[in-house]
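Novice: Here it is, the structure in full.
The values are calculated or read from the model by the stated rules, or taken from the named source; none is laboratory data. Note that this is a predicted model, so its numbers are computed, not measured. Note: ideal-geometry Cβ built from the backbone for every residue, glycine included; neighbour counts use all protein chains shown. These accessible areas exclude ligands, DNA and RNA; they are computed on the full protein's heavy atoms, side chains included. Shrake-Rupley method; radii C 1.70, N 1.55, O 1.52, S 1.80 Å.
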Amino acid sequence: MNKGFIRRFKPLEIVTESQLEQVHQATLDVLMQTGVSILHERALQLMKDNDCLVDFDSQRVRIPPHVVEECLRRSPSSFRVKARDPKHDLLIGGDRVYFRNFAGMDTVDLGTWEPRPPTREEYYNLVTVLDALPNLHAISCYPYFGFQGLPEVMKLSEGEAAKARNTGKVQIICYSKGSEQFSIRIVKAVGGEAFGISHPASPLAYYPDAIDAIYNFTEAGFPMHVGSGVIMGATGPASIMGSTVSNNAEIMALIVIIQLVCPGTRVIVNDFVHAQNMRTGSPAFGDISSALHVAAFHQIWRWYGIPSCSSLTGVSSSKRIDFQLAYEKTIPSLVAALAGSNIVDLHSSVNGELTAHPVQAVLDDDLAAMIGRFLDGVEVSDDALALDLINEVGPVPGHFLGKEHTRRWWRKEQYMPRAADRLGYPEWLKGGKLSALDYARTRVDEILATHSSAPLTAEQDREIERILEEERLYFKARDLWA
Amino acid sequence: MTEAIRLIGDGFASGEFFLPELVGAGDIMAVAQGILESRLKRDDLRRLALGTVVIGTVFGDIHTIGKSMVATLLCAEGFTVHDIGISVRSSSFVEAIREHHADILAMSALLTTTAPEMKRVLAELERTGLRTGVKVMVGGGAITQAFANAIGADGYAPDAPQAARLARALVGR
């Protein structure tokens, strides 16, 4: 099992107990009074059969509180997810915190540092880098836009195939036009599980694809990863707690469908509520309002006893690896980890969701380790308080450097980053004025020269190819080959 | 009214106003336009406009915000705009173009999986003989200039202000 990190102190609380109750009541009210629009006949019938009020003409469903609360109860508060490589199994829930990558429709050309779609080799290399990083515990649906030369419909599954081949870590499967049926088979062919995604189209609506995905993933016995992409002020209220209510209602409706389709299904809820740039209409990734939302979101879902994760933490509006990128990723990531998020998305993203940068992934791995170290907290014990030692050393000229206690404790208390500059100024000049970026770039090259994930058998590899070929025929037969 | 919406549009361009003001003004404009047009029709009068636009998000796609922003700015620009909503079937686009004698058809798609629907709409315009009488402009998250060229659209714009300029150019104004 991958141990990740444990938060060893009280989580961050941004709302009071009575405010939690207020938010819960408001969410139930939305589900009963406003309802949701579900563009899926089979799910509508299932909901009608289970006490929901369904108008088949408008495809509007109103969900009574007792149905919502029963379905929340059916979702387990902690669970294991099996990885292809057992040392990467995840134990989701409680105070455990994992890190995951995010973003990637493009990669970065390491010669010019400009974004562009990756070649097949670059895509596979990026997955290898993610596999090698010790503080990245799971792989997201990103990088998910495949590589050069693929038709749209094959991008997801070709991406899953690359991940099945080049990493033993648990991944997430996205859905589109039924491609998830093939992705599921790819993951099963290599002997693991994956999270299956389903999400609404905010506000309060659900595409047929999203509901089909629930049937497909639960039939495979996979855990579900559900979240919404509410944009505060556009697809949800501009107020942080208004969008919290709207977002939670959207997620709860998904949980209701999941738990009616397959009771007891493992569910993790994801946070991707973000601010809108009111000048351009594009997301204002990294805005501080998102970090406040993150804090509220994880506190509320901890209260519900349902594991939560956060993709919002992994995105910044900056197009470059720079100061803005660093603070826009660090603040929400740290807040999420402190507030109770079980998975924090962080690694490799530059330029919002658009670019997966292998060098950034190496830099983020140090940030993940530092947040993880922070979560480990401080020890208060006789040995840590070191009363006898302080007495033994006494005032100047006494010092602690040569003591056995120092040798034991400094390694425990500090984290030494793998790709950061901590040299003194003269040594820095002598060493060629290297920055964190230079160290990270070198590490990417080292990883690609030396790292390989747990290998597949030749038969597993052939099976992946057979499934992909079947999928190509499936889409060609449906006139979707574009 | 055109003057008022143009003030909002200019304020948006100069940074004085933001999207909430722009879209709010567009909503008011759309309601007012409905009332005014029924009056104009009753009195057998015509509104002076740069042209008539039918706008909608293609079938299978229910994303509305980008499309609404474009509709608002087209109004501000002086077009008569008929926003026929989201997940619009090709047959509905055709009906609306006929009904409103549209000069421009503007289509939006956010998803890569729904973008190919634009090609179907264009084929439907060809089939019904409407293609030569209407300029087609496309946009949305999934659309690029290359895609617009490939499907034979007359224009593409990456954002709402550029869409408004494109529409002017398409009607030669």
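Novice: Report the Cα centroid-to-centroid distance between region B:51-74 and region A:85-113 in angstrom, as an integer.
Specialist: Using only Cα atoms to place each centre, the spacing works out to 37 Å.
Novice: In terms of modelled amide H atoms, which long-range or inter-chain residues lie less than 5 Å from the amide H of A:THR355?
Specialist: A:GLY104, A:MET105, A:ASP106, A:VAL350
Novice: A further question on this structure: Heavy-atom accessible area per residue, chain B, 1.4 Å probe: how many Å²?
Specialist: That works out to 49 Å² for each residue.
Novice: Counting only the backbone N, which residues of region A:127-151 are under 17 Å from the spot 7 Å out from the Cα of A:TRP481 toward its beta-carbon?
Specialist: A:149-151
Novice: May I ask for the distance between the Cα centers of region A:412-482 and region A:131-202, given as a whole number of Å?
Specialist: One Cα centre to the other: 16 Å.
Novice: Among the lysines, select those whose C-alpha is under 23 Å from the C-alpha of A:LYS403, and discard any that sit fewer than 8 residues away in the same chain.
Specialist: A:LYS412
Novice: Residue-wise, which Karplus ³J(HN,Hα) couplings in Hz belong to region A:426-431, taking 6.51 cos²θ - 1.76 cosθ + 1.60, θ = phi - 60°, and x for glycine or proline?
Specialist: These are the phi-based 3J(HN,Hα) values: x, 5, 5, 4, 5, x Hz.
Novice: When ligands, DNA and RNA are left out and all protein chains stay put, how many square angstrom of accessible area per residue does chain A have with a 1.4 Å probe?
Specialist: 42 Å²
Novice: Mean separation of Cα pairs under 8 Å and 6+ residues apart, divided by the residue count of region A:253-397: what relative contact order is that in percent?
Specialist: Taking the mean separation of contacting Cα pairs over the length of region A:253-397, I get 18 percent.
Novice: Can you tell me the relative contact order of chain A? Whole percent, Cα pairs under 8 Å, sequence separation 6 or more.
Specialist: Taking the mean separation of contacting Cα pairs over the length of chain A, I get 19 percent.
Novice: Under a Cβ-Cβ cut-off of 12 Å, what is the net charge of the residues other than A:GLU160 that fall near it, where Lys and Arg count +1 and Asp and Glu count -1?
Specialist: Neighbourhood net charge equals +3.
Novice: Counting only protein heavy atoms and a 1.4 Å probe, tell me what percentage of chain A's accessible area is made up of carbon and sulfur.
Specialist: Of the solvent-accessible surface of chain A, carbon and sulfur hold 55 percent.
Novice: Need the list of lysines near B:LYS135 for cross-linking: C-alpha distance under 29 angstrom, and skip anything on the same chain fewer than eight residues off.
Specialist: Correct list for B:LYS135: B:LYS41, B:LYS67, B:LYS119.
Novice: What are the residues of region B:41-84 that lose 10 Å² or more of accessible area, with a 1.4 Å probe, going from their chain alone to all protein chains?
Specialist: B:GLY60, B:ILE62, B:HIS63, B:ILE65, B:MET69
Novice: With springs connecting C-alpha atoms under 10 Å apart, model chain B as a Gaussian network and identify which of B:SER68, B:SER87, B:SER38 has the largest mean-square fluctuation.
Specialist: Comparing B:SER68, B:SER87, B:SER38 in the GNM, the peak value goes to B:SER38.
Novice: Relative contact order, percent, of region A:53-189 when contacts are C-alpha pairs under 8 Å separated by at least 6 residues?
Specialist: With pairs under 8 Å counted, the relative contact order is 22 percent.
Novice: Does a label point 7 Å from the Cα of B:GLU124, set along Cα-to-beta-carbon, have any residues of region B:64-91 with amide nitrogen under 16 Å, and which are they?
Specialist: B:83-91
Novice: Starting from the exponent 0.38 and prefactor 2.2 Å, build the expected Rg for region B:107-173 from its residue count and divide its actual Cα Rg by it.
Specialist: Rg over 2.2 N^0.38 Å, computed on Cα atoms: 1.07.
Novice: With both bridge residues required to lie in the protein assembly as shown, what share of the DSSP beta bridges run antiparallel, to the nearest 5%?
Specialist: Counting only bridges with both partners in the protein assembly as shown, antiparallel ones make up about 25 percent.
Novice: Just to be sure I understand the curve: with the Debye formula and one point per C-alpha of chain B, what is log10 I(q)/I(0) at q = 0.10, 0.14, 0.17, 0.18 Å⁻¹?
Specialist: Values, matching the q order: -0.35, -0.69, -1.02, -1.14.
Novice: Right, here's the next one. Can you compute the helix-only [θ] at 222 nm over chain A? Use -39500 (n - 2.57) per DSSP H run of at least 4 residues, normalise by all residues, nearest 500 deg cm²/dmol.
Specialist: Computed ellipticity for chain A at 222 nm equals -14000 deg cm²/dmol.
Novice: Give the span of region A:344-482's Cα atoms along each principal axis, as three whole-Å numbers ordered largest to smallest.
Specialist: Principal axes ranked by extent give 83, 40, 32 Å for the Cα atoms.
Novice: Between A:VAL378 and B:ILE28, what is the spin-label point distance in nm, taking each point 7 Å from the Cα along the Cα→C-beta axis?
Specialist: 5.7 nm
Novice: Translational diffusion coefficient, Stokes-Einstein: compute it for chain A using the Kirkwood radius over C-alpha pairs as Rh, at 25 °C and 0.890 mPa s, and state it as an integer in µm² s⁻¹.
Specialist: Answer from the Stokes-Einstein relation: 104 µm²/s.
Novice: Applying 1/(1 + (r/R0)^6) with R0 = 45 Å to the Cβ-Cβ distance of A:ASP445 and B:LEU7, what FRET efficiency is obtained, to the nearest 0.05?
Specialist: 0.20
Novice: Another question, then. With a Förster radius of 25 Å, plug the Cβ-Cβ distance of A:ASP438 and A:LYS87 into 1/(1 + (r/R0)^6) and report the FRET value to the nearest 0.05.
Specialist: Efficiency, rounded to the nearest 0.05: 0.20.
Novice: Please list, or write none, the lysines whose alpha carbon is within less than 17 Å of the alpha carbon of A:LYS163, excluding same-chain residues fewer than 8 places away.
Specialist: A:LYS82, A:LYS87, A:LYS155, A:LYS188
Novice: Here's another thing I want to ask about it. Would you mind giving the three semi-axes, in whole Å and largest first, of the ellipsoid equivalent to region A:124-239 according to its Cα gyration tensor?
Specialist: Here the semi-axes work out to 25, 17, 14 Å.
Novice: Hey, how many Å between the Cα centroid of region B:157-171 and the Cα centroid of region A:1-39?
Specialist: Centre-to-centre distance over Cα atoms comes out at 43 Å.
Novice: Quick one: buried accessible area between A and B, total over both chains, 1.4 angstrom probe, nearest 100 Å²?
Specialist: 1200 Å²
Novice: As an exercise, find the ratio Rg/Rh for region A:1-133 from alpha-carbon atoms, using the Kirkwood inverse-distance average for Rh.
Specialist: Ratio of gyration radius to Kirkwood radius: 1.11.
Novice: Show B:TYR156, A:TYR327 ordered by accessible area, largest first, where the area counts protein heavy atoms only and the probe is 1.4 Å.
Specialist: A:TYR327, B:TYR156
Novice: For a quick check: with amide H placed at 1.01 Å from N, whose amide H comes under 5 Å from A:LEU346's, ignoring anything fewer than 5 positions away on the same chain?
Specialist: A:ARG100, A:ASN101, A:PHE102
Novice: Also, I was wondering about something else. How far apart, in nm, are two points set 7 Å out from the Cα along the Cα-to-Cβ line at B:LYS41 and at A:THR406?
Specialist: With each label point 7 Å from Cα toward Cβ, the separation is 8.8 nm.
Novice: For A:VAL267, enumerate residues with amide H under 5 Å from its amide H, sequence gap 5+ or separate chain, H modeled in the peptide plane.
Specialist: Counting only residues 5 or more places away or on other chains, the set is A:MET224.
Novice: Quick one: pull the percent of accessible area on region B:1-85 belonging to carbon and sulfur, 1.4 Å probe, ligands and nucleic acids left out.
Specialist: Carbon with sulfur: 60 percent of the solvent-accessible area.
Novice: What FRET efficiency comes out for the pair B:SER14/B:ALA49, r = Cβ-Cβ distance, R0 = 25 Å, nearest 0.05?
Specialist: FRET efficiency, B:SER14 to B:ALA49: 0.55.
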